[in-house]
Amino acid sequence: MKKYIPAAVIFAAFETAAISLWLTKDNAFYLFNFSYIGCVIALGIVLYARAYRHARRAVQLLVGLYMLVYLGLICSENMQIEGFWYYLFTGVFEAATIHYAVAKIFGPLIFGRGWCGYACWTAMVLDFLPYKVPASHERRKIGWIRYLAFAASLAFVAALFLAHVGNLERIMFWAFVWGNALYYALGVALAFTFRDNRAFCKYICPVTVFLKPMSYFSLFRVTCDKGKCVSCGRCAQVCPMDVDVTDNSRSRKNATECILCMECARACPRGAL
Ligand code: SF4
Ligand code: SF4
Ligand code: SF4
């Protein structure tokens, strides 16, 4: 039973957040939302503990589809970065702002880029593409595009406010629809161009402007037991994010890129990770 304790702890943490937000904000949505996500993540941990090969993908699909289809399309909540700016400017502490605070700004101090490995609806689709392991682990020097995308998303929402454009809720809904369509199109095109499913994450995604610096301090990280490691290089070969996981320092190569997918640990013949 010991192997199920982490799942119980995670579920209890989410349930505490669900009940606290439900009572303080007097809104049953928070009870449903955080209970659902807590259940799915706990289920994923149970599946992982039972060595189910597709545990991560199951969680990614259950959380990603919920966010994209239910919150985004059915509830018309813009969950992309533009939605975060929008709700921030209006001073509304609602789903998108809470989501960003928990998953992408403060949460990474604890679970690093777990969001990118287990929940993101963009990567949920990109991970179906054929290049799970990148053709090359050498990075291209185009990571600056993410800052451009970040600035463009902020400028877009700021311009709507400065120009006093009406019907902003509707505009934000369509921005979510077209924004996602653009992300998927770019993500698929880049994946095939660079033969790397995660090329969009590495060079374009504006959310990494939050995720990368915060995940540098992450409490949960994959580390290497140097006593067991035989330097076979298998972990580096299978890593989708080109992390040098055998180096235990926080400044290791691509340190802030780890999505905690655990492919390296699965591939390690010595159980060193
Ligand atoms: S880097 Fe961006 S697109 Fe990639 S998984 Fe993370 S949030 Fe999603
Ligand atoms: S393979 Fe290992 S180092 Fe690479 S992203 Fe996944 S968990 Fe992180
Ligand atoms: S796969 Fe394991 S043994 Fe091989 S280099 Fe990586 S940590 Fe070391």
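The values are calculated or read from the model by the stated rules, or taken from the named source; none is laboratory data. In this text, all values refer to a predicted model and were calculated from it rather than measured experimentally. Here the Cβ is made from the backbone with ideal geometry for all residues, glycine too, and neighbour counts use every protein chain on show.
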Q | Exclusive hit being closer than 30 Å to Ala272 by Cβ, out of contact with any Asp or Glu (no Cβ under 8 Å at 6 or more places or on another chain) and of a type outside the set (A, V, I, L, M), set Thr193, Thr223 | A | Thr223
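Considering region 23-36 alone, what residues qualify as being in a helix (DSSP H, G or I) and at pLDDT below 90? Break it down into steps so the answer makes sense when it comes.
Within region 23-36, the subset in a helix (DSSP H, G or I) is 23-25, 28-36.
Thr24, Lys25, Ala28, Phe29, Tyr30, Asn33, Phe34 - these are the residues of region 23-36 that are in a helix (DSSP H, G or I) and at pLDDT below 90.
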Q | Residue match in region 112-132 (condition: within 16 Å of ligand 3 (Cβ to nearest atom), touching a helix residue (DSSP H, G or I) at 6+ places or on another chain (Cβ under 8 Å) and in a loop (DSSP other than H, G, I, E, B)) | A | no
**Q.** Candidates Tyr87, Tyr66, filtered to the one that is surrounded by fewer than 21 Cβ atoms within 10 Å (Cβ to Cβ) and either of a type in the set (S, T, N, Q) or in a helix (DSSP H, G or I) (or both)
**A.** Tyr66
Q) With His99, His137 as the choices, which residue is assigned by TED's automatic domain parsing to the domain that holds Phe200, assigned to a loop (DSSP other than H, G, I, E, B) and touching a residue at least 12 places away in the same chain (Cβ under 8 Å)? A) His137
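For residues that are farther than 22 Å from Gly44 by Cα and in contact (Cβ under 8 Å) with a residue 24 or more places away in the chain, scanning just region 63-76, find the one that is nearest to ligand 3 (Cβ to nearest atom).
Step one: filter region 63-76 for residues farther than 22 Å from Gly44 by Cα, giving 72-76.
Within this subset, residues satisfying the condition of being in contact (Cβ under 8 Å) with a residue 24 or more places away in the chain are 72-73, 76.
Values: Gly72: 38, Leu73: 41, Ser76: 46 Å.
Checked region 63-76; the qualifying residue nearest to ligand 3 (Cβ to nearest atom) is Gly72.
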**Q.** Filter result for Leu68 (among the aliphatic types (A, V, I, L, M) and assigned by TED's automatic domain parsing to the domain that holds Gly117)
**A.** no
**Q.** Yes/no for Arg195 being within 15 Å of ligand 2 (Cβ to nearest atom) and either charged (D, E, K, R) or modelled with pLDDT under 95 (or both)
**A.** no
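Okay, residues lined up against (1) within 16 Å of ligand 2 (Cβ to nearest atom); (2) within 22 Å of Cys239 (Cα to Cα); (3) not hydroxyl-bearing (Ser, Thr, Tyr):
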residue: Ala55; (1), (2), (3): yes, yes, yes
residue: Val59; (1), (2), (3): yes, yes, yes
residue: Leu65; (1), (2), (3): no, no, yes
residue: Phe93; (1), (2), (3): no, no, yes
residue: Leu109; (1), (2), (3): no, yes, yes
Q. When you look at Arg56, is it farther than 24 Å from Phe176 by Cβ, loosely packed, with under 14 Cβ neighbours inside 10 Å and among the basic types (Lys, Arg), yes or no?
A. no
Q: Return the residue satisfying two criteria in turn: it lies in region 17-40 and is β-branched (Val, Ile, Thr) and farther than 14 Å from Val102 by Cα, and of such residues it is surrounded by the fewest Cβ atoms within 10 Å (Cβ to Cβ).
A: Thr24
